[in-house]
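Any read-out appearing in this document is the output of simple, stated calculations on the displayed coordinates, not a laboratory observation. None of the values given here were measured: they were computed from a predicted structure. Note that each Cβ is placed from the backbone with ideal geometry, even for glycine, and that neighbours are counted across all protein chains shown.
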Amino acid sequence: MLRPFILFFFLFCFIQVQSQQSFSETSIEPKQDSVQKRELLNSIGNGYYPTKYFNFDLRYLIKYNQYEGVRTGVGGVTNEALSDKFRINSYLVYGFRDHRFKYSIGGGLRLSNSTGTWLNVAYTDDLQETGSTNFLTDKRFFQFFEPRLLNIDLFHKHITKSVSLEHRLSSHLLTETEFAASKIDPTYQYGYVLDNDVLSNFHISTGKIALQWSPFSRFEFKDNALMETKDGFPKFTLQYTKSFKNVIQGDFNFSKVDFRTIYQFGKEDADFSEITLVSGIANGDTPLTHLYHAYPNNINKETILQRFSVAGTNSFETMFFNEFFSDKFATLQLKHYLKPFNISPQYKPQLVLITRYGIGDINEPERHQNVTFKSLKKGYTESGFEINKLLFGFGLSFTYRYGAYHLPEIGDNVAFKFTFNVTL
């Protein structure tokens, strides 16, 4: 089923690129129409299709993963034409392989316009990838499709009730705090040994606070909102999570600290480099659902061609899914973008050199029942390259795994995939 879905995305992305070119090639048109089309493209590039009172969220239209198969639905948020005092956001999706609806409904109340302060509530019944970490301040992130999602098979169901507060302490410092209570049920056979009992499903009550600091970016108020007009580096994100036992039926008492920084230097129209450092540590009784997996992106199949899929943006392409889990880890990614090859004004492929390194460890792995995994304490290394934008935004990537976790079979250390890069 994966092959026809990938072909669908080739067609989808081809249409998107063609529509982008048609907009850019139209030179004789009224100025107002041109501005409106550019605003529409910018909105679509941010993941929304705007209507009079409601902006449809394009993230929910169609996706694919190994557990749900095709996942499709509809979602969105009210806009300021309806009200600039409050917003209502919701989505409803259906997975054709697990035959289950998932949904979320929520809303927000604007407390202050000048500081971007919103009080939000939400009720969500959905899936989440086991071992993934989401920063609260990253909630608005959109790609035409998410490469890693195609291959993920380890999810847990969750029903989550949350209340959060967004607040901008300054133009460069965004904060968000959240309290959430979740009922979690892994979709796989799993048990966590706690107090002489084995928990196969459980409740988790957490408090979170996240800070996103962009000290070198430039911001301006546009259309009654603070917009980033210059993307400055480095950027820093810090998040602290505390799980409370016996609070709203909470079963666990643990804490987590997560950190990320991104630094770019050089000019994007010439050679430039990007460094991304991500780290996290969890203390206390932490189930597998809330550990770290270091973002693997290699399918557990035998041959290179069977594992041919889509390369992610910040994932380990040669690391197999569910191969490693850690309660403390750090990853460092180095990317060097060479100046695009100026073959023609419309055709400018680009070579990117990549090296990734990850290290981690886990205490008491025996508490995690019915699952088998390794730690990253020896250090994991892979290097390779991408040739991007060869045809309609598609390119190719090649990555090789070496060092302490090099595998006996040469083919098992190789990842050969295609890439997709297009912007509106």
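Here is how the numbers come out for the structure above:
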read-out: Cα gyration tensor shape of the range 113-420, rounded if a/c is under 1.5, else prolate or oblate by comparing a/b with b/c; value: oblate
read-out: Cα-projected label distance for S34 with L109, points at 7 Å along beta-carbon direction, nm; value: 4.6 nm
read-out: Cut-off under 5 Å, modelled amide H: who pairs with M319 long-range; value: N297, N298
read-out: Convex hull of Cα atoms in the range 278-415, direction-averaged projection (nm²); value: 9.5 nm²
read-out: Rounded if a/c under 1.5, otherwise prolate or oblate - the range 31-90, Cα gyration tensor axes; value: oblate
read-out: Relative contact order %, the chain, counting alpha carbon pairs below 8 Å whose residues are six or more apart; value: 10 percent
read-out: Ordering of 403-416, 284-297 by burial proxy (mean other Cβ atoms within 10 Å per residue, highest first); value: 284-297, 403-416
read-out: Computed E for F86/T261 - FRET, C-beta separation, R0 35 angstrom, nearest 0.05; value: 0.50
read-out: Using a Förster distance of 25 Å, the FRET efficiency for N283-L332 (Cβ separation, nearest 0.05); value: 0.65
read-out: Cα shape, the range 138-279, gyration tensor, a/c 1.5 rule; value: prolate
read-out: GNM result for the chain, Cα springs below 10 Å: residue of P147, P345, P186 fluctuating most strongly; value: P345
read-out: Relative contact order [Cα under 8 Å, 6+ residues apart], the range 55-211, whole percent; value: 17 percent
read-out: Segment S344-L41, length gained on full extension (0.36 nm per residue, minus Cα span); value: 106.7 nm
read-out: Inter-site label distance for V121 and T372 at 7 Å from Cα along Cβ, in nm; value: 4.8 nm
read-out: Estimated distance in nm for a label pair at Y94 and N79, the labels positioned 7 Å out from Cα along Cα-to-Cβ; value: 2.8 nm
read-out: 23 Å Cα-Cα threshold exceeded, pairs from K63/K235; K230/K339; K102/K161; K139/K183; K230/K335; value: K63/K235
